[in-house]
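To start, the structure itself, in structure tokens.
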Amino acid sequence: MPESKLINWLFQTGAFRVCPEGKPFWYTSGTIGPYYINTHFLYGSEKKALKLLETIDVLKQDKSGCPLKLLEHIESNYLEDEIYKGLIDSMLEFIKNNIRLEEIDYISGGERRDWFFSLIIAKLLGKPHITLYKDLSAVITENGESAVQETIDGANVLHIADLITEASSYERAWIPAIRNLCGQITHSVVVVDRMQGGGEFLRENNIASFAMVSIDNSFFSRALDMKLITRGQYDMLLEYAKNPRDSMKAFLENNPDFLEQSLKADEKTKERATLCIEKNIYGLAHIQVPQL
């Protein structure tokens, strides 16, 4: 699949969203930045993805029954949604071209967004699936049945994820959960790599790391060439990629009204702007900060 097609899908579904020029997004951490990534929107749309998350939250109350019931929803969407089917088919081809499938015994996916991709890929590759939960519990689905197993006897696992940033979920949950089953994650395939150290962490832990697309300067250039972003957005993305903290600190210093306006905005924005001030995230003590 041409990379341009995946880039177009990311923008078309809102999975990759760039802020208007001069109006960075507020993140939950109290920091600001020029883009959001919601890879699970590649399920077809934001609406479809959010609906599936709601379904997951209901189904996961029954951990053993969740995988097969969830797979029914996902298979139906795979047959109906052109973008989602195109992505999954491309991931299947990518995996076959880059990984020796005879060396893979299981495919795993972690709660919740990994399941958008891992369950259907396991089914189409004819591999048993390990559904991993945040509490490190696991359910194995094979031949139309799901069950809890104590061990997979040293088996090799390919982990499928929607996104990798710093690989904190791998470190905290997915790698330990597979080890608890006496197995090891040997390969990882993600839809998007944010290029923030996650791939390096996996390789340091003897896990071969692959991504369908990486969010780097090349990605931004392609998006500009495809007229998916403006030159102003492109410049902001490059500065942010070079140094997230310093670029956004410079933005706040050059646009003091942005912070004041954020404190007068909706409740979520006000909460995040307040957190930014309270933690003094950008070291803005030397400029006049609006009184709370």
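Read-outs throughout are calculated quantities, based only on the coordinates presented, and are distinct from any laboratory measurement. The model shown is predicted, which means the values in this text are computed figures rather than measured ones. So basically every Cβ, Gly included, is an ideal-geometry build from the backbone, and we count neighbours across all protein chains shown.
Convex hull over the Cα atoms of the chain, averaged projected area in nm²? Intermediate results must be reported in sequence, preceding the final value.
On the way: hull surface 64.0 nm².
Mean orientational projected area (the chain, Cα hull): 16.0 nm².
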Total charge of the residues flanking ASN156 in space, meaning their Cβ is under 14 Å from its Cβ, with Lys and Arg +1 and Asp and Glu -1, is -1
Between helix 115-125 and the chain: long-axis angle, C-alpha atoms, 0 to 90°, nearest 10: 30
Sorted by average packing, counted as other Cβ atoms within 10 angstrom per residue and highest first, what order do 55-67, 128-140 take? 128-140, 55-67
Taking the Cα centroid of region 120-159 and of region 1-71, what is the distance between the two, rounded to the nearest whole Å? 23
Residue farthest toward the positive end of the dipole of the chain, with Cβ of Lys/Arg at +1 and Asp/Glu at -1: which of ILE37, GLY110, LEU259? LEU259
Within 10 Å of each residue's Cβ, count the other Cβ atoms and sort LYS249, LYS268 from fewest upward. LYS268, LYS249
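Give the order of PHE116, PHE210, PHE16 when sorted by the count of other beta carbons within 10 angstrom, beginning with the fewest.
PHE210, PHE16, PHE116
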Linear extension gain, LYS51 paired with ASN254, 0.36 nm per residue minus alpha-carbon span: 69.1 nm
Okay, helix-only estimate at 222 nm for the chain: each DSSP H run of n ≥ 4 adds -39500 (n - 2.57), divide by all residues, round to 500 deg cm²/dmol; what do you get? -14000 deg cm²/dmol
